[in-house]
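Enquirer: Got a structure for you, written out below as C-alpha cells; questions coming shortly.
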Amino acid sequence: MEQLMLVNVTEEIVQGLVKFLLYGNEYQTFCHCEQCILDITAIALNALAPRYVTSSQWRDTVFREMNTPEHLEEINKQIIRAIHVIGSNPHHRSEPNK
Ligand SMILES: [Zn+2]
C-alpha cells in the first residue's frame, strides 16, 4: 500500500535550489549557517505558491510540472531576493560562519 504523505513540492524544490545557489560560485562568500539557509528558504517560500501533495505519484507529477524553465526562473528569482534580504539583515548571531 502506498505510503501517505503531506509534502509541499515547492518546499522540496526551494530547499534544493537554496543549497545549490549558496554553494555555487556566486554566493561563495555568503554566510552558510543553518539560520541563514532556513531564513532564505522561508522568505522565498512565503513568496511562492505551495504545491501540497499526498502521494509519491502525485509528487512526481507536480515535480514534472514545476520542473520547467518558467517555474524554475520564478523560484530562482524569489530565492535570490531572499538571499539579499537576509544578506542585508542576517538573523544569525554575530560569530563568523563556516
Ligand atoms: Zn548565517
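Enquirer: Using only the alpha-carbon atoms, how far is helix 34-46 inclined from the longest principal axis of the chain? Give it as 0 to 90 degrees, nearest 10.
Expert: Approximately 50 degrees, to the nearest ten.
Enquirer: What's the carbon and sulfur percent of the chain's accessible surface, probe 1.4 angstrom, rounded to a whole number?
Expert: 54 percent
Enquirer: With charges only on Cβ, +1 for K and R and -1 for D and E, what is the dipole size of the chain about its Cα centre, in debye, rounded to 20?
Expert: Computed charge dipole of the chain: roughly 180 debye.
Enquirer: Count neighbours as other Cβ atoms within 10 Å of each site's Cβ, and list the GluC sites (Glu not before Pro) in the stretch 1-91 that are DSSP loop with at most 13 such neighbours.
Expert: Taking the stretch 1-91 and a limit of 13 other Cβ atoms within 10 Å, the loop GluC sites (Glu not before Pro) found are Glu2, Glu26.
Enquirer: Right, another one. In whole Å, what three semi-axes, largest first, describe the equivalent ellipsoid of the chain built from its Cα gyration tensor (square root of 5 times each eigenvalue)?
Expert: Semi-axes (√(5λ), whole Å): 28, 15, 11.
Enquirer: So, one more: Placing +1 on the Cβ of each Lys and Arg and -1 on the Cβ of each Asp and Glu in the chain, which of Cys31, Ile43, Phe63 has its Cα farthest towards the positive end of the resulting dipole?
Expert: Cys31
Enquirer: Then there's this: Can you give me the accessible area per residue for the chain, using a 1.4 Å probe, in Å²?
Expert: 68 Å²
Enquirer: Scan the stretch 1-95 for trypsin sites (Lys or Arg not before Pro) in coil per DSSP, keeping those whose Cβ has at most 10 other Cβ atoms within 10 Å, and list them by number.
Expert: Answer in residue order: Arg93.
Enquirer: Hey, another quick one. Pick from Gln28, Gln15, Gln78 the residue whose mean-square fluctuation is largest in a GNM of the chain, springs joining Cα atoms under 10 Å.
Expert: Among Gln28, Gln15, Gln78, the largest GNM mean-square fluctuation belongs to Gln28.
Enquirer: Moving to a separate point now. Roughly how tilted is helix 9-22, in degrees to the nearest 10 and between 0 and 90, from the longest Cα axis of the chain?
Expert: Here the helix axis deviates by roughly 30 degrees.
Enquirer: Okay, moving on. How much mean residue ellipticity at 222 nm does the chain get from its helices, if each DSSP H run of length 4 or more adds -39500 (n - 2.57) and you divide by all residues, to the nearest 500 deg cm²/dmol?
Expert: Roughly -19000 deg cm²/dmol at 222 nm, from the helical runs in the chain.
Enquirer: From Cα pairs below 8 angstrom and at least 6 apart in sequence, can you work out the relative contact order of the stretch 7-88, rounded to a whole percent?
Expert: Result for the stretch 7-88 is 45 percent.
The values are calculated or read from the model by the stated rules, or taken from the named source; none is laboratory data. In this text, all values refer to a predicted model and were calculated from it rather than measured experimentally. All Cβ positions, glycine included, derive from the backbone under ideal geometry; neighbour counts span all protein chains shown. Ligands, DNA and RNA are stripped out before the accessible areas are found, and what is left, the full protein with its side chains, is counted by its heavy atoms. Shrake-Rupley method; radii C 1.70, N 1.55, O 1.52, S 1.80 Å.
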